[in-house]
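Chemist: Okay, handing you the structure first.
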């Protein structure tokens, strides 16, 4: 009788382990399917209008684009905005204060055309549109970090 009880106990444990494995596999497949759907929607947004607010925000979820933007920022923006984006002679990009609109498309327009009256060059003729877009995407990842640095400039804009 005791052997039968042990065997039944082992069967229950084996069944529970199998159930956990199947559940975990289904969850993983579900996550993979959701990620694939998200990637497809992101690709469609970017293809439709890569300079829209939605597409630029979607690009912040791409490690490749963010890394490319970080490199552009390091080589072209950090001298004025600081390596962390907290501002040196140019504004702190990590706080809630903005001189101009913090909308992604507005930031891209600023990077492309510059702000000559404030000493910021137009970067698109120098680095090209793709790198200007990548830098913008990286700047979007800095927003809200609130790093100590240059005193706030502009108004609180979300």
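The values are calculated or read from the model by the stated rules, or taken from the named source; none is laboratory data. Values in this document were obtained by computation on a predicted structure and should not be read as measured data. Using ideal geometry, Cβ is built from the backbone for each residue, glycine included, and neighbour counts are taken over all protein chains shown.
Chemist: List the helices (runs of 4 or more DSSP H) that sit entirely inside region 77-158 and contain at least 2 residues that are modelled with pLDDT under 95 and farther than 22 Å from residue 60 by Cα.
Modeler: Of the helices (runs of 4 or more DSSP H) lying wholly inside region 77-158, none has at least 2 residues that are modelled with pLDDT under 95 and farther than 22 Å from residue 60 by Cα.
Chemist: Given (1) outside the structural domain of residue 147 (by TED's automatic domain parsing); (2) modelled with pLDDT of 70 or more, where does residue 67 come up short, assuming only one miss?
Modeler: (1)
Chemist: Picking from 134, 79, which residue would you name as being closer than 29 Å to residue 36 by Cβ and not assigned by TED's automatic domain parsing to the domain that holds residue 39?
Modeler: 134
Chemist: Give the residue that is farthest from the chain's Cα centre (by Cα), with candidates limited to residues of region 46-56 that are at pLDDT 90 or above and crowded, with 16+ Cβ neighbours inside 10 Å.
Modeler: 55
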